[in-house]
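Worksheet: one structure, shown below.
The values are calculated or read from the model by the stated rules, or taken from the named source; none is laboratory data. Keep in mind that this is a model prediction, so the values were computed, not measured. Please note: Cβ atoms are built from the backbone with ideal geometry, for glycine as well, and neighbour counts cover all protein chains shown. The accessibility values were calculated without ligands, DNA or RNA, using every heavy atom of the protein model including side chains. Shrake-Rupley method; radii C 1.70, N 1.55, O 1.52, S 1.80 Å.
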Amino acid sequence: AETETGKIVQKLSSTVHRNEIDALNFIESAGAWSPDSKFFAFVAFSKGRNRLLVVDVERNRMAREIEIPDVPSFNYPVWAPDGGSIVVSGLVDGRNDLYQFFIDENRVKRLTNDRWANIHPVFSPDGKTLAFVTDRPSPGDIYAKRMPGYYIATMNLETNQVKTHHFFPGASNLNPVFSPDGNHIYFLSDRDGFRN
C-alpha cells in the first residue's frame, strides 16, 4: 500500500498462492524488504515445513521459495543490509535460536546456541550488530525466583558476543528497531501494564 494515500498497490499473497502454500504466518511475522526494496521475503507453511517466500515486487511474481536447510520451523525474517543473507528465529529440536541463511550459498549459520528464546531479530544499519529479544534471566530474576521477562539483547556479528540488557525486570520488551544512525534502539514494553 502507498504510505501517503493508503491505496493498495498489489496483493503479495495472491501473487504466490498456487495451491501449494498451506498458510501464511502473518501473526508471528510480517516479513522483510530487501535493502534495494525490489524483493519482499515472508514465511509461509507448506507440506509440513516453513518456507521462506521471496517475491519480486516489480515483476509481480515469486522469485524463490526457500527451505532453510536443517531448520524446519522458523519466523521473524530480517534481511541483512548488504542483501546477502536473511536472519530468522528458528525452532530446531525444541530449541529456539537465531540462524543466518546466506542466500547465494544456500548455507546456514547458527548465531545463538542456548536454551533461551531468541526472537525478533533486527540488523543495525551498518550490519555489524543484531538486536533481538530473549528471555535469558538476569541475576536479579534468579535471586528473586521470579519469572524472567523478555529482554533486549545485542550481538556483535564479528565476535558473536551477546549482551543482554536487563532493564524493566519482568516486563515484556519486544520488537526492537534501530534508529537510522544505529545509536539507539526503539522497542515496545509493558513495564507499566500497558504496551508502550
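Some notes on this structure:
- Those residues of region 182-196 which are open to solvent by 60 Å² or more (accessible area, probe 1.4 Å) and in a loop (DSSP other than H, G, I, E, B), in sequence order: Asn183, His184, Arg191, Asp192, Gly193, Phe194, Arg195, Asn196
- Residue within region 31-41 that is modelled with pLDDT under 90 and on the phi < 0 side of the Ramachandran plot present: no
- Selection of region 147-181 for residues being on the phi > 0 side of the Ramachandran plot and not in a loop (DSSP other than H, G, I, E, B) yields only Asn175.
- For region 124-138, taking the residues that are in contact (Cβ under 8 Å) with a residue 40 or more places away in the chain and not in a loop (DSSP other than H, G, I, E, B), the one that is most open to solvent (accessible area, probe 1.4 Å) is identified as Thr129.
- Subset tally (residues that are of a type in the set (S, T, N, Q) and more than 22 Å from Ser179 (Cα to Cα)) for region 125-167: 2
Every residue, every condition in (1) modelled with pLDDT of 95 or more; (2) open to solvent by less than 50 Å² (accessible area, probe 1.4 Å), yes or no:
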{"residue": "Arg18", "(1), (2)": "no, no"}
{"residue": "Ile21", "(1), (2)": "no, yes"}
{"residue": "Ala63", "(1), (2)": "no, yes"}
{"residue": "Glu67", "(1), (2)": "no, no"}
{"residue": "Gly84", "(1), (2)": "yes, yes"}
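- Any hit, region 94-103, residues being assigned to a loop (DSSP other than H, G, I, E, B), over 20 Å from Ser189 (Cα atoms) and either touching a residue at least 60 places away in the same chain (Cβ under 8 Å) or open to solvent by 30 Å² or more (accessible area, probe 1.4 Å) (or both): yes
- In region 33-53, the residues that are touching a Pro at 6+ places or on another chain (Cβ under 7 Å) and open to solvent by 60 Å² or more (accessible area, probe 1.4 Å): Pro35, Arg49
- Within region 37-81, tally of residues that are outside any strand (DSSP E or B) and closer than 19 Å to Arg110 by Cβ: 7
- Contacts under 6 angstrom Cβ, first residue in region 111-123 being modelled with pLDDT of 90 or more, partner charged (D, E, K, R) and open to solvent by 30 Å² or more (accessible area, probe 1.4 Å), 6 or more apart: Trp116/Asp135; Trp116/Arg136; Ala117/Asp135
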